Amino acid sequence: MNWVRDRASRALDYLWGGWGAAASLLLLTALWEAGHAAYGTLVLPSPRDTVAALVRMGGDGRLLPAVVETTGNALGGFVAASLVGGVLGAMAGASDMMRRLLQPIATLMLGIPAIAWVVLALLWFGGSGLAASFTVVVTTAPIVFSGAAQGVRTLDGDLRRMARAFRVPGPMLVWDVYLPHMLSYLFPALASALALSWKIAVMAELLSGAGGIGDGLATARVQLDTVKALAWVLAVVGLLLALEYLLLEPVRRHLQTWRREAQGGDSAMTRGLL
Amino acid sequence: MNATVLAYGFRPFFLLAPLAGAAAVLPLPMIWLGWGGMWGDLSIGAWHGHEQVFGFLSAALAGFLLTALPSWTGATPVTGRNLAGLCLLWLVGRIAFWLDPLLPPALVAAADILFLPALLVAVVPVLRRPGPKPWEFVAALAALAAVNAVFHLGRLGVVEVAPERAATVALNLFQVLIALALGRILPVVLRSAQIEAGRAPQVRLMPGRRHLAVTTLVLFTVAEAVVPGHAVTGWIALAAACAQVDRMRECHLAGALRRPQAALFYVAQGWMALGLALLGLSALGMPLDPAAARHALGLGAGATTALTVMSVVSLRHTARPFPLPAATWGPAALVSVATALRVAVPDLAPEAMAMAGVTIPMLLWLTAFGLWLRTFSPWLLRPRVDGCPG
């Protein structure tokens with residue numbers, strides 16, 4: 001019963017934090033409105049016109065397919081990047097030889113600007129969704145790689161030896177000793193890779209014209225339609241905010257439970273989200 | 001006035017504030033019964049707004065500041081002859097406003113303009129005390145005095161500001177003052193509420209929440225002063241509303257909201273958030289009555305906070321122990337019902353305005369202050385129960 005109440009209170013705490021976030025975003029909207037008042041619709045359309053345009057686009061049936069397409073491109077690339085980066089990173093963390101082999105390559109990949117990858121991907125795959133997904137993979141995999149390598153390399157040897165001495169079974173060793181430690185490094189890397197993958201996907205779509213939100217942005221640019229361009233931007237921002245507050249932040253808080261409990265006391269009261 | 005009444009700042013001003021609040025609504029039915037909409041050359045709306053803000057709320061503020069600031073900083077409180085002088089200055093302003101149709105506006109201005117600067121002079125010495133200085137209250141008070149001056153200068157035609165606009169800015173300044181005062185009051189009352197509810201007190205408030213609440217209110221006040229009714233002001237009002245709701249989280253402590261000292265401040269913050277949200281939506285083009293929304297700020301947030309602060313201060317500074325008497329709930333509940341009617345009727349049932357929107361809220365308001373005075377005026381008129389001075 002107490003457990004349920006504790007969870008409920010924590011959930012309320014989290015949801016209530018949304019008000020503070022809303023205050024911050026509304027102040028930004030006020031700044032936007034002031035920019036509109038100063039420079040006019042051609043430079044900066046008003047927030048209300050932009051939302052109206054977004055709603056119109058939704059009504060026309062243009063918004064949802066574009067969002068689905070971009071999400072597909074971004075998520076496909078992200079999943080592949082997590083697998084490749086995660087496995088290679090774990091190998092690099094576990095073996096010194098692999099680290100010597102792979103680290104410089106990851107550093108090199110991180111150094112190549114995403115826009116350069118877009119150009120290469122367009123030459124290789126043409127104007128298709130594959131180009132966007134590929135760009136997402138090559139730009140985000142090195143980030144996941146670094147996180148995974150760090151996580152494995154810093155595993156506490158003493159803890160491992162103690163677990164062995166107590167004859168902890170293998171699955172429990174992985175689940176209760178390795179994984180929580182790994183996640184504290186891997187999760188931030190995955191979170192930034194996920195957020196980045198959307199932005200990269202939109203950029204690749206914009207240049208390739210392969211549909212999705214980026215394509216809509218490109219069309220708005222050609223038509224000099226600032227309202228529509230800003231509405232597309234709003235769509236991306238909305239997706240990112242939803243991703244951050246509905247998926248990443250709750251997971252982050254769940255993973256950090258041990259930190260809260262280690263402090264003891266009425267932590268749910270004092271650790272607000274925002 | 002006897003010596004006890006002048007023994008501490010809250011005593012005379014908490015007796016005067018309810019009387020001023022009651023007096024400020026009496027001419028209202030005149031408009032709605034069709035007997036004319038002017039009080040002298042002022043619209044009844046401007047007159048009523050000025051009296052509620054600079055009469056009723058300012059008296060409550062004076063009582064609070066003259067009591068709380070010395071007790072936080074250890075400064076010598078204003079008592080006796082000086083306190084009587086302050087009360088007199090306040091009273092002269094009220095009398096002048098009541099006789100407004102008979103007096104030249106310049107004389108009314110001269111009579112009304114002195115009280116807030118005098119109060120400022122009376123509280124400034126607290127800044128010279130060692131330790132943390134409550135400069136934010138002094139600054140807000142100075143701003144309030146300046147806005148009252150603008151009200152009169154606008155009326156006299158010296159500056160091009162409508163008196164109504166000055167009154168709204170003053171009301172917004174009061175929201176800032178409420179948010180500031182809650183920062184000092186809430187830790188104390190939440191603790192006492194939790195103890196009364198039989199819980200171990202665990203009050204750890206995050207300063208970020210209240211600073212965001214105050215900052216957004218200051219931005220809103222400035223925006224309404226500079227570009228009233230503009231969409232930018234609308235968005236800032238919505239941001240301020242969200243920041244107030246965010247701050248209401250401070251009261252979500254086990255058991256606390258079952259006690260009046262915490263629950264009534266919570267209600268006041270709720271009214272403030274609602275008023276700001278309605279003002280914001282109206283500035284963004286929704287067909288809502290801004291005057292109704294301002295009553296959520298003045299009547300809802302302002303009067304509920306004033307009643308609760310007056311109750312808590314009267315209790316503590318006459319050396320009585322918690323719990324607050326039942327007479328704290330009743331008047332506050334009546335004020336909330338009055339607010340709900342005054343805010344909802346203009347938008348939902350404008351044809352019922354004269355009765356349900358003005359007359360009934362007015363009667364509830366008068367009853368509320370009658371009930372409050374019946375319990376608390378004996379406390380304010382008699383010495384402390386422990387026999388100490390003050």
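Observations on the model:
- Helical contribution to [θ] at 222 nm, DSSP H n ≥ 4, -39,500 (n - 2.57), averaged over chain B, rounded to 500: -22000 deg cm²/dmol
- Between residue A:39 and residue B:381, the distance separating the two model label sites (each 7 Å from Cα on the Cα→Cβ line) works out to 6.6 nm.
- Region B:10-381 - Rg and Dmax from Cα coordinates, angstrom: 19.5, 60
- Computed in the context of the full set of protein chains, the accessible area of the protein assembly as shown at 1.4 Å probe radius has 70% of its extent on carbon or sulfur.
- Calculated FRET value between residue A:48 and residue B:133, using beta carbons and R₀ = 51 Å, to 0.05: 0.75
- Virtual paramagnetic centre 7 Å along Cα→Cβ of residue B:322, amide N under 20 Å, in region B:360-390: B:376, B:385-386
- When peptides B:293-303, A:235-245 are sorted by average Cβ neighbour count within 10 Å, with the highest value leading, the order is B:293-303, A:235-245.
- Region B:336-381-region A:85-142 distance, computed between alpha-carbon centres (Å): 69 Å
- Mean accessible surface per residue for chain B, computed with a 1.4 Å probe while every protein chain stays in place, in Å²: 37 Å²
- Chain A, relative contact order [Cα under 8 Å, separation at least 6], %: 26 percent
- Residue A:123-residue B:118 pseudo-label distance in nm [points 7 Å out on the Cα-to-Cβ vector]: 8.5 nm
- Between residue B:39 and B:44, the built amide H atoms are under 5 Å apart, and every one of these is 5 or more places off in sequence or on another chain.
- Solvent exposure of chain A as accessible area per residue, Å², 1.4 Å probe: 54 Å²
- Where B meets A: accessible area buried, both sides, 1.4 Å probe, Å²: 2100 Å²
- Mean partner shielding of peptide A:28-36, defined as the number of other chain Cβ atoms within 10 Å of each residue Cβ, is 5.
- Per residue of B:242-251, other chain Cβ atoms within 10 Å of the residue Cβ number 5 on average.
- Convex hull of alpha carbon positions in chain A: directionally averaged projected area 18.9 nm².
- Chain B: relative contact order in percent, alpha carbon pairs under 8 Å with at least 6 residues between: 17 percent
- More than 12 angstrom apart: percent of Cα pairs within region B:140-191: 65 percent
- Calculated log₁₀ intensity ratio I(q)/I(0) where the Debye formula runs over C-alpha points of region B:262-322, q = 0.14, 0.24, 0.28 Å⁻¹: -0.46, -0.86, -1.01
- Over all pairs of different C-alpha atoms in region A:87-129, the reciprocal of the mean inverse distance, the Kirkwood hydrodynamic radius, equals 12.1 Å.
- Ordering B:42-50, A:96-104, B:7-15 by mean Cβ neighbour count within 10 Å, with the highest value first, yields B:7-15, B:42-50, A:96-104.
- What the Cα atoms of region A:67-221 give is an Rg and a Dmax of 18.4, 65 Å.
- By the Cα gyration tensor, the protein assembly as shown has an equivalent ellipsoid whose semi-axes, rounded to whole angstrom, run 58, 33, 20 from largest to smallest.
The values are calculated or read from the model by the stated rules, or taken from the named source; none is laboratory data. Bear in mind that the values here come from a model prediction, so they are computed numbers and not experimental data. We place every Cβ from the backbone using ideal geometry, glycine too, and count neighbours over all the protein chains shown. To get the accessible areas, we keep the full protein, side chains included, count just its heavy atoms, and leave off ligands, DNA and RNA. Shrake-Rupley method; radii C 1.70, N 1.55, O 1.52, S 1.80 Å.
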